[in-house]
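Colleague: Before we start, here is the structure in question, set down as structure tokens.
The values are calculated or read from the model by the stated rules, or taken from the named source; none is laboratory data. Note that this is a predicted model, so its numbers are computed, not measured. Quick reminder, even Gly has a Cβ in these numbers, built from the backbone with ideal geometry, and neighbours come from all protein chains shown.
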Amino acid sequence: MSSVGIGLKPFIDKKLLLIRSERPTFTGLEMHLVDIMKLVNTFKPQVVVMDPVTNLIAAGLAPDVKAVLTRLIDFLKIGQVTTLLASLTTGGNPTERTDMGVSSLMDTWVVLKDIEGEGEHNRGISIVKSRGMAHSNQFREFRLTGKGFALEDVSLGEFGGLTGAARAEQEAKEVALSLARTQEMARMKKLIERKRALLDARIASLQGDFEAKEEEIRKSIEETETVEQERRTRKIRVAGLRQADKKGGGMKKEPAESEKEWELRLYVAGQTPKSLAAFANLKRICEEHLAGKYRIEVIDLVQNPALAAGDQIIAIPTLVRKLPEPIRKIIGDLSNTERVLVGLDLRPVEEGRRQA
């Protein structure tokens, strides 16, 4: 059997293997059985292979052949000799019957059958039963190669299992399909990464534009408040120089500082660190400079966003002085005490600048 990559001569030389070729028609069924038993007793093998047992039919009737096989199988089982019997089927489904009718006596039943199709002749192998042992229920392709026999998994096609060239073609299609799917997944991942990068860049750009616009508006408000404060300060000084309050014309006498009540409204957006700092700084400034003369109202725009329109709030946190009039606004966390005092009209602009 060297033609299929199986070298048996070394085993024969070491007397580990004995090959005996003899037709049962030469001696008859009984003498053939006796010869086999003598060989087994003399050689004392661990494994006996008979190929094929269907040749016994040529030497006797089916009942006689079954009786001889039954005796042979029992003899080998008693001697604890592993036996492999090859049976050629002449028709019908080989998984349903054997010509010898002894399949029930065997522990394991393996079927090797021919498969013709797609212009090819292939072989398939499967295990019908294996008494008391776990075994595969899969049908596989049986191939004889230059290195011995090989078992190949059968590919599943549209019309069932595929063997030979059809199996190889199906496997090539599956590999190509798998590669195409892998490439498509890689392409989709790259597309997602590009879209995410574009989105992040757009968000960063919008954030930068917003911060720049917010800073511009804040500076504009601060400049407007400073100009207004300076205008009011100059107006008060001019009125004092002209003693307009004594003449009863022009400006109305403002109430004394001790009589003023300060109504303050602080706009925040939730419990953020900046909002909490703004409230703490405002509370501290009011206790130091307006003790007993102020009232603070905190408005959370997260809970009541519509209230922002009333005082035209564009940034947070924002402090609005409702009373005494005129209304004043200060944006930020109120950490700059001098700026807050000037913004609330508690300290003139020049004095605040000198102390700063």
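Colleague: Would you tally the residues in the stretch 197-229 being β-branched (V, I, T) and touching a residue at least 60 places away in the same chain (Cβ under 8 Å)?
Modeller: Of the residues in the stretch 197-229, 3 are β-branched (V, I, T) and touching a residue at least 60 places away in the same chain (Cβ under 8 Å).
Colleague: Looking only at the stretch 258-271, filter to residues that are of a type outside the set (D, E) and loosely packed, with under 14 Cβ neighbours inside 10 Å; which one of those is modelled with the lowest pLDDT?
Modeller: Among those that are of a type outside the set (D, E) and loosely packed, with under 14 Cβ neighbours inside 10 Å, it is S258.
Colleague: With respect to S126, determine if the residue is surrounded by 13 or more Cβ atoms within 10 Å (Cβ to Cβ), among the hydroxyl-bearing types (S, T, Y) and either in contact with a Cys (Cβ under 9 Å, 6 or more places away or on another chain) or outside any loop (DSSP other than H, G, I, E, B) (or both).
Modeller: Yes: the conditions hold for S126.
Colleague: Which of the residues spanning the stretch 291-339 are buried (at least 16 other Cβ atoms within 10 Å of the Cβ), of a type in the set (S, T, Y) and farther than 21 Å from K260 by Cα?
Modeller: Selection gives T318 alone.
Colleague: Okay, next question. Of all residues in the stretch 43-74 being under 22 Å from L16 (Cβ atoms) and either among the aromatic types (F, W, Y) or buried (at least 16 other Cβ atoms within 10 Å of the Cβ) (or both), which is farthest from the chain's Cα centre (by Cα)?
Modeller: Here the residue is F43.
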